[in-house]
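This report refers to the structure that appears directly beneath it.
The values are calculated or read from the model by the stated rules, or taken from the named source; none is laboratory data. Since we're looking at a predicted model, the values are computed, not measured. No Cβ is skipped: glycine too gets one built from the backbone with ideal geometry, and neighbour counts run over all protein chains shown.
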Amino acid sequence: MSILQTLKSRFASALSSLSDDTGPLLEMIRSSQDPKFGDFQANCAMPLGKRLGKSPREIAAEIVENLDVSDFCETPEIAGPGFINLRLKDDWIAERVSSIAGDDRLGVTPAAKPRHVVVDFSSPNVAKPMHVGHLRSSVIGDAICRTLRFAGHKVTSDNHIGDWGTQFGMIIYGYRNFVDAAAYSRDQVAELARLYKLVNQLSDYHAAKAGLPELRLQLDQRQQELDQLTSDSEPADKKAKKKLKAQRKAVEETRSSIESAEAKVAHVDTDAPLAAQANEHPDIARLARQETSKLHAGDEQNQQLWDEFLPACLAALDQIYSRLDVRFDLALGESYYNPMLADVVSDLRAKGLATDSDGAACVFIEGNNAPFIVQKTDGAYTYATTDLATIQYRLDELHADEIVYVVDKRQSEHFSLLFKTCELWGFGDVKCQHVSFGTVMGDDGKPFKTRSGDNVELGSLIDEAIARARSVVDENDDRREQPALTPDGRARVAQIVGTGGIKYADLHHNRDSDYVFDWDKMLATTGDTATYMQYAYARICGIFRELNVDRQKIASGKTTVLLTCPEERALALQLTQFDYAVDAVLADYRPNQLTSWLFDTAGKFSVFYAHCSVKKAESPELQQSRLILCDLMARALSTGLSLLGIETADVM
RNA sequence: GCACCUGUAGCUCAACUGGAUAGAGCACCGGACUACGAAUCCGGAGGUUGUAGGUUCGAAUCCUACCAGGUGUACCA
């Protein structure tokens, strides 16, 4: 039983005479924020005071009177308004950490009721290079999978690849009209990506050009309305003020839409060959969409092209995943569900959930203005339809207990509609959760792009991370009297530090936050970074090398830990709480709970390292004890980091 | 217009979902290597948690209003 569970059960009996409903009160037992208040604190006396009409301190005294924790705690102290502070006995911590030192699961007991969780993440579109948004989904999703598995759950990681959407029509159209045969045979994926981008650009060009007159008209109109508002003397009441502000904003918005449309048009117009292509393909957007519907309708030629394009696109994705060490159990793309879509819609219609509106089949959910469109006017299905079919499949075929979607938070409305539709549809017994994450921003506060406005490709991002890591590795190793690494070793460390840095930078933020992408921060080797922990790990390995001790023997032998100073005690106590960190991650799928535990732990180790020499320990017993702590620490780091998909190296 | 989200140190972010004096890391200033690895450690400075009210023993967290910003909003995924 964990420390917290033990405490809770003791408090449950101490509280039973004071309250009928002890559950919420027991939730108020937690580890202390400040070590000077002890190791754990119970805050339940305060709310009880109100309820029982006594002073909270009196209640606290009664609780302490009833409480029997003397076997593992010092005498409880009552502080402030009625906090009960608990300090664990040193020998009890020593015993606890000794037992964890002999446990390869580091004190984490496997889930009592394992669930089958399908984790849906990454979900890139083929032929569109992956970017930092996919990085977040991939890294967070992978960490969730690893942590769930470690906790004893069954996990199916599924990459819901976008291989059936509108972009495929664009590629097909591009291939038919603009393919560069030499480039295509040289690098198929790169050429397809170029074609996608080209068709997209030309479509945008025509759309922007066509929309400009309307936009300019709108601007004039809005400007006039604004002038009218401002001429009506000073805005008298708040409402008028608000209206004025909204109007100003509307004018600004229209103006920036015009600017962006003009930029798109100018970009093509100033590029003669591009402009010529644009002129030759005035109806490109519609024709590209037509290719998509032909594909969906079973057109043989388009299907052939699809079959030809897909393998290379998937291989390109796999290459990235292998560099990131992200694995999927399934990669059923959207195309996989195509045969099921018609049935989904007809079933929804039969159940009266889907109705026609403006020619599209829609599910209307009470309280939401936007409909959930399951079939478009032209008969094509949408990603809503696919998502429904996917849930059905995961329930009927995979027998999932829970489905987790690691997707950008901007899609929260879609998922809210999806889950509600599902419930009405009769698939309410699976727990669906949208694990949302924020946007990666550039230093201008806008979504992270390259200077030319393109998404930053994931492959080049990884390259850059490893290259930067390499220069740090070189610099450090060159500074030594005798380099500790071979060139191959350096490359290996650079790979571990570089990719670890990228992942950690993402994971240590609260996933819901938008965060600013910054190379220097991402690959900083100081502070709250993967490197800090990887370095701590390498230092421990250094101790074992220095003393010529086999770590295997330490872990498998008799593990008796002595706590002789505050630094040892703090580290030992921290190491007994790995299970909380794992629980905290899984409670709401927040990997940053684990990163902060790891950082705290590594920090406590660094203090221990500075104060408590293993090599010069006062006695052989103490040296043995410290070796045990070091080994446990190393395993905590490597295990904890591995749950985040981050590797460690013995030498760096 | 409607809906949702955010506002915390100069910067980037935490805060165990209502607990004690709001914490880290960068950056800044000052210390510690004849070394179990300085990719480290120790110390300093830095805050009216957007503003104003309210709820209560107790508020960054809950409620109300305002201010500032973001996102989504019918056939892209």
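Inspection of segment A:450-470 finds no residue satisfying the criterion of being crowded, with 17+ Cβ neighbours inside 10 Å, away from RNA strand B (no atom under 16 Å from the Cβ) and under 30 Å from A:Arg349 (Cα atoms). Given A:Arg590, A:Arg545, which one is assigned to a loop (DSSP other than H, G, I, E, B), within 11 Å of RNA strand B (Cβ to nearest atom) and either touching a helix residue (DSSP H, G or I) at 6+ places or on another chain (Cβ under 7 Å) or of a type outside the set (Asp, Glu) (or both)? Selected residue: A:Arg590, the only one of A:Arg590, A:Arg545 that is assigned to a loop (DSSP other than H, G, I, E, B), within 11 Å of RNA strand B (Cβ to nearest atom) and either touching a helix residue (DSSP H, G or I) at 6+ places or on another chain (Cβ under 7 Å) or of a type outside the set (Asp, Glu) (or both). Considering segment A:56-87, the residues that are farther than 15 Å from A:Phe11 by Cβ and more than 9 Å from RNA strand B (Cβ to nearest atom) include one that is farthest from the chain's Cα centre (by Cα), namely A:Glu58. Of A:Ser70, A:Ser55, A:Ser32, A:Ser13, all but one fail to be surrounded by fewer than 17 Cβ atoms within 10 Å (Cβ to Cβ) and farther than 24 Å from A:Tyr580 by Cα; the exception is A:Ser55.
Selection of first residues in segment A:536-563 that are more than 19 Å from A:Glu647 (Cβ to Cβ) and of second residues that are among the hydroxyl-bearing types (Ser, Thr, Tyr) and buried (at least 19 other Cβ atoms within 10 Å of the Cβ), restricted to Cβ pairs under 8 Å at least 6 apart or on distinct chains, gives the following pairs, ordered by first then second residue: A:Thr559/A:Ser98; A:Thr560/A:Ser98; A:Thr560/A:Ser625; A:Val561/A:Ser98; A:Val561/A:Ser625; A:Leu562/A:Ser625. Starting from residues that are within 10 Å of RNA strand B (Cβ to nearest atom) and under 34 Å from the mean Cα position of the chain (by Cα), keep the ones in segment A:349-362 and report whichever is surrounded by the most Cβ atoms within 10 Å (Cβ to Cβ). Out of the qualifying residues, it is A:Ala361.
In the set A:Tyr537, A:Tyr532, A:Tyr504, only one residue is outside any loop (DSSP other than H, G, I, E, B), within 24 Å of the chain's Cα centre (by Cα), more than 7 Å from RNA strand B (Cβ to nearest atom) and hydroxyl-bearing (Ser, Thr, Tyr); that residue is A:Tyr504. Here A:Ala210 clears all of (1) buried (at least 17 other Cβ atoms within 10 Å of the Cβ); (2) assigned to a helix (DSSP H, G or I); (3) within 16 Å of RNA strand B (Cβ to nearest atom) except the condition numbered (1).
Just checking: which of the helices (runs of 4 or more DSSP H) contained wholly in segment A:131-187 hold 3 or more residues that are within 16 Å of RNA strand B (Cβ to nearest atom)? Correct list: A:132-150, A:166-178. Only a single criterion out of (1) outside any helix (DSSP H, G or I); (2) surrounded by 24 or more Cβ atoms within 10 Å (Cβ to Cβ) is not satisfied by A:Val108, namely (2).
Might you check whether a residue that is under 23 Å from the mean Cα position of the chain (by Cα) and modelled with pLDDT of 90 or more occurs anywhere in segment A:99-108? Yes; the residues of segment A:99-108 include at least one that is under 23 Å from the mean Cα position of the chain (by Cα) and modelled with pLDDT of 90 or more.
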